[in-house]
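Some notes on the structure that comes next.
The values are calculated or read from the model by the stated rules, or taken from the named source; none is laboratory data. Values in this document were obtained by computation on a predicted structure and should not be read as measured data. Using ideal geometry, Cβ is built from the backbone for each residue, glycine included, and neighbour counts are taken over all protein chains shown. The accessibility values were calculated without ligands, DNA or RNA, using every heavy atom of the protein model including side chains. Shrake-Rupley method; radii C 1.70, N 1.55, O 1.52, S 1.80 Å.
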Amino acid sequence: MTQSPADVKPTSGVKGTSPAMVAAYAIAIALGVCSGLWGGEMIHAFADFVSSIFIRLFKFISIPIIAVSIIATLASISRSSESGRIFRHTIFYTLLTTILAAALAAVLYIIFSPANVAVTSAAVPQVTEHSYLEYIQSVIPDNFLAPFLSANVLSVLLVSAAIGIAISRLPSNSRSQEVLLAFFTGAQEVLFILVKWLIFVLPIGIFGFISGLVVEMSKGVAIGGLGTYFLVILAANFIQMLVVLPLLMLARGLNPIKVARGMAPALAVAFFSKSSAGTLPVTMACSENNVGVSRSVSRFVLPICTTINMNGCAAFILVTVVYLMQNAGAEITPLMLAAWVLISTLAAVGNAGVPMGCFFLSASLLASMNVPIMLMGVILPFYAVIDMIETTLNVWSDSTVAAMVNHDLEKDEDVHEVKVDA
């Protein structure tokens, strides 16, 4: 028996960061700083060994989890033909808000232009330069396994999206569709368990990253650009939250203040829980009882949005990946940023529903492209706050999409009634 998107329950593993994990991160950071400042050559070599092991683990898990998450998501959410009208409106607004969030982040990145973390060591690898035609050509695979073996992230995203959509187009309730969806859903759950294990031991990796970064800082590193990097992320989140989404509602004839007032309890839960999936029951209740969204719309749209509507994640992925690529020597151009608007949108759609999903996905993308990720260790202590703001934005965007879909359907019904009366 197949499930509609409304029947899909949130992943149980999606939780806020526990106090024990926060303490573990703090201890890892402190030990990393001490190691970098006062450790000998053997300790530094051990820290380098640890960081290299975790980079290999990121590479190991990144491509499979991105591919399987996108395939399972697209194969699942496109199956309910009986709710085609609601589905089309939902997908349109979801992609619109996510693309706008990523595009806003790209514009802010150009405006603020965060400076590099100036590492003096010559050992830092540089991003290989290619022409745009070569880059586009590399996206098109010449055999099925090539994107996965070469860790070509954009090619994997393209192939995974095609496979997910193809599975959704198989005859509904057919045996082949059932088997394929069960396989990819099961593979996704297995990968989620692996990710949980990796996150559990992540403090060890953070120790290695922080130690290596402190060693570089002691040789002469300017980290002033990191402040601008954080400013870009926060500005992208708040402008999307307070300006872009309200303007979209106004354009559709909705009162954003009224919607915000009705969704306030859900937004508060999202902020403190750092889990849009965990907030889903409250989001549904507020949407139906306070905003007036119909039950059929709320219970179909919001589970889908919780899975794929990640405005905050799209902005974080774009800014973080582009900033670390810039630090690795890549030239940041408007055309490159435009490409990453699309990549970060698709990556956010396929983001795994696990703790620290956006942080982990960004690190995985960077590791798969051989971009140094030591700076992720510096970003991590601040990510708890960023995650709270991102989750609030994600739930606010979900609420916006549900309200706009409900409004559009009500207008369609009114038009239909007028035509019938005429």
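Laid out as a table, the results:
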{"item": "Count of segment 169-200 residues which are among the charged types (D, E, K, R) and within 22 Å of the chain's Cα centre (by Cα)", "result": "2"}
{"item": "Residues (modelled with pLDDT of 90 or more and among the basic types (K, R)) located in segment 251-279", "result": "R252, K258, R261"}
{"item": "All positions within segment 304-335 that are open to solvent by 10 Å² or more (accessible area, probe 1.4 Å) and not polar (S, T, N, Q)", "result": "M310, M325, G329, A330, E331, I332, P334, L335"}
{"item": "Residues being over 23 Å from I389 (Cα atoms), open to solvent by less than 80 Å² (accessible area, probe 1.4 Å) and modelled with pLDDT under 70 - total across segment 1-50", "result": "6"}
{"item": "Per-region count, segment 69-92, residues within 22 Å of the chain's Cα centre (by Cα), open to solvent by less than 20 Å² (accessible area, probe 1.4 Å) and either at pLDDT below 80 or more than 18 Å from D398 (Cα to Cα) (or both)", "result": "7"}
{"item": "Qualifying residue in segment 281-293 (condition: under 20 Å from the mean Cα position of the chain (by Cα), open to solvent by 20 Å² or more (accessible area, probe 1.4 Å) and modelled with pLDDT under 85)", "result": "no"}
{"item": "Residue match in segment 235-252 (condition: assigned to a loop (DSSP other than H, G, I, E, B) and surrounded by fewer than 23 Cβ atoms within 10 Å (Cβ to Cβ))", "result": "yes"}
{"item": "Residue in segment 397-405 that is at pLDDT 75 or above and open to solvent by 10 Å² or more (accessible area, probe 1.4 Å) present", "result": "no"}
{"item": "Selected residue (criterion: nearest to S211 (Cα to Cα)) from residues of segment 359-371 that are of a type outside the set (A, V, I, L, M, F, W, C) and surrounded by fewer than 23 Cβ atoms within 10 Å (Cβ to Cβ)", "result": "N370"}
{"item": "Matching residues in segment 381-396 - criterion: being surrounded by 22 or more Cβ atoms within 10 Å (Cβ to Cβ) and over 15 Å from the mean Cα position of the chain (by Cα)", "result": "W396"}
{"item": "Residue selected from segment 361-381 under the condition assigned to a helix (DSSP H, G or I) and modelled with pLDDT of 75 or more, by the criterion nearest to V232 (Cα to Cα)", "result": "I379"}
